[in-house]
Structures are given as structure tokens and as C-alpha cells.
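Have a look at the structure below, then the notes.
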Amino acid sequence: MADTIAMEAAAAPLDELLRPFSTIQKDWMLITAGSGIGRSEWNTMTASWGSFGTFWNRPCVTCVIRPSRHTFTFVEREKLVTFSFFEPSFKHALQVCGSTTGVTTDKATAASITPVLLEPGAVGFAESRVNLVCRKIYSSDVDPAGFADESFLENYPQKDFHRMFVCEIIRAYAKKGSLK
Ligand SMILES: Cc1cc2nc3c(=O)[nH]c(=O)nc-3n(C[C@H](O)[C@H](O)[C@H](O)COP(=O)(O)O)c2cc1C
């Protein structure tokens, strides 16, 4: 990926690359975990819930994944998780990755995206505008006992409560054109 710059999180212009209230919710992201780029070595899924911020003084991405997702198994198993962000022209690819399961679908082929091993244990995509390589530092199940209002239960007709993962941003891989 000759058109990509790798930056330590502290040196990366994260505020320029990502917008806290629209990049995840409006543009969506791919959450990927795996040990290699072979068909069965990684899995990815689309997510539109999550946040950028600070935890334990570290720059973090927080995401929520239902245990029913195939990706859940990979995120649980691996130490690193990659969050990938795309130009709007890739919305269809993200729709595909959010409406098919890696159990039965080769998402790289179906979505026309190319998995790349960014570093050992971190799989991202060649087409991404930004790939964030992150280290899981905390996880915890969403507990309905903590819901402020019963209406939030409407998100869980199957009672498949998300697991929340707080992931420290280690490195940002950004396409040269994404940097101002
Ligand atoms: C726009 C969009 C946002 C989504 N956000 C989430 C999310 O934040 N958490 C989650 O668990 N699933 C989310 N999903 C659902 C998964 O992406 C979807 O179930 C996917 O098919 C799982 O693939 P897998 O079984 O290969 O892991 C979202 C789907 C779409 C289309």
C-alpha cells in the first residue's frame, strides 16, 4: 500500500481524519479481526454504533458487537482489532458486509474489498481511507439492569445484548489523500 502512511496514534491527526458524530454513525465502519488474510483467518462486519474518545488516558474506539455475529468470535479471540473507514463510494461494500455473514459468504469477494495484513495480527483493507489498528483493553457485556429506561429493551427482542469493547488506537494507516 504505497499510497498509505502509517502513523503512531500520538502522531496521527485523528481529529482531521475522523469526525466523532458522523464517521461511525453516518458513514459506518468495518470491524475486523484475524490472524491472516486467508479466507477463514479473518472476519469483518459493518457497524454504525460506537464512539471515539479517551479511556484510561488512551485514545480509543469503543464498539458494541452482538454475540450472534461471526465477527464476535474473531474479536474475542484476537488481541488486535482493526476499524476501517471508507469513502462514500464504498457504502455498498459496507452494506454487503453488514447484511451477510462470514459463515457462508466470502465478504472480500462479495464486497470487492481486499484484506491486507497491516501488521502481525491486524487485518485491514487496501481500499480504506483510514485503518486504525487497535488493542482491546476492556470488554464488558451490556447489562439491561443498567438501562435508564425500559424502552431501550426494544433494541434486544432476541435478548442478544451487545458486548462492549474498548480498543486503544495503536496506529493509524491513512491514504495520503486523506491528510490535509
Ligand atoms: C449499517 C449497519 C450497522 C450495523 N451496526 C452493528 C453494530 O454496531 N453492532 C453489531 O453487532 N451489528 C451491527 N450490524 C450488523 C452486522 O454488521 C451484521 O449482522 C453482519 O452481517 C454480521 O456479520 P458476521 O456474522 O460475518 O459477523 C450493523 C449492520 C449494518 C448494515
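The values are calculated or read from the model by the stated rules, or taken from the named source; none is laboratory data. These numbers were taken from a predicted model, which means no experiment stands behind them. Positions of Cβ are backbone-derived with ideal geometry, glycine not excepted, and every protein chain shown enters the neighbour counts.
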Condition check for residue 72: within 8 Å of the ligand (Cβ to nearest atom), part of a helix (DSSP H, G or I) and hydrophobic (A, V, I, L, M, F, W, C): yes
Flag for residue 161 being touching a residue at least 40 places away in the same chain (Cβ under 8 Å), over 16 Å from the mean Cα position of the chain (by Cα) and over 24 Å from residue 17 (Cα atoms): yes
Number of the exception - residue 79 against (1) away from the ligand (no atom under 14 Å from the Cβ); (2) surrounded by fewer than 21 Cβ atoms within 10 Å (Cβ to Cβ); (3) within 14 Å of the chain's Cα centre (by Cα); (4) closer than 18 Å to residue 12 by Cα: (4)
Residue count, the stretch 82-104 (criterion: assigned to a loop (DSSP other than H, G, I, E, B), near the ligand (Cβ under 8 Å from one of its atoms) and either surrounded by 19 or more Cβ atoms within 10 Å (Cβ to Cβ) or modelled with pLDDT under 95 (or both)): 1
Some residue of the stretch 45-56 being over 15 Å from the mean Cα position of the chain (by Cα), closer than 28 Å to residue 155 by Cβ and not in a loop (DSSP other than H, G, I, E, B): yes
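Okay, residues lined up against (1) outside any helix (DSSP H, G or I); (2) over 30 Å from residue 8 (Cβ atoms); (3) in contact with a helix residue (DSSP H, G or I) (Cβ under 6 Å, 6 or more places away or on another chain); (4) not β-branched (Val, Ile, Thr):
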site: 136; (1), (2), (3), (4): yes, no, no, yes
site: 151; (1), (2), (3), (4): no, yes, no, yes
site: 158; (1), (2), (3), (4): yes, yes, no, yes
site: 164; (1), (2), (3), (4): yes, no, no, yes
site: 169; (1), (2), (3), (4): yes, no, yes, no
Subset of the stretch 15-40 [of a type in the set (A, V, I, L, M) and over 17 Å from residue 86 (Cβ atoms)]: 33, 37
Matching entry among 75, 96, 103 (being β-branched (Val, Ile, Thr) and in contact (Cβ under 8 Å) with a residue 60 or more places away in the chain): 75
Enumeration of residues in the stretch 26-69 that are farther than 20 Å from residue 96 by Cβ, away from the ligand (no atom under 11 Å from the Cβ), touching a residue at least 60 places away in the same chain (Cβ under 8 Å) and not aliphatic (A, V, I, L, M): 35, 36, 55, 56, 58, 59, 60
Test: residue in the stretch 29-41 that is in contact with an Asp or Glu (Cβ under 6 Å, 6 or more places away or on another chain) and among the aliphatic types (A, V, I, L, M): yes
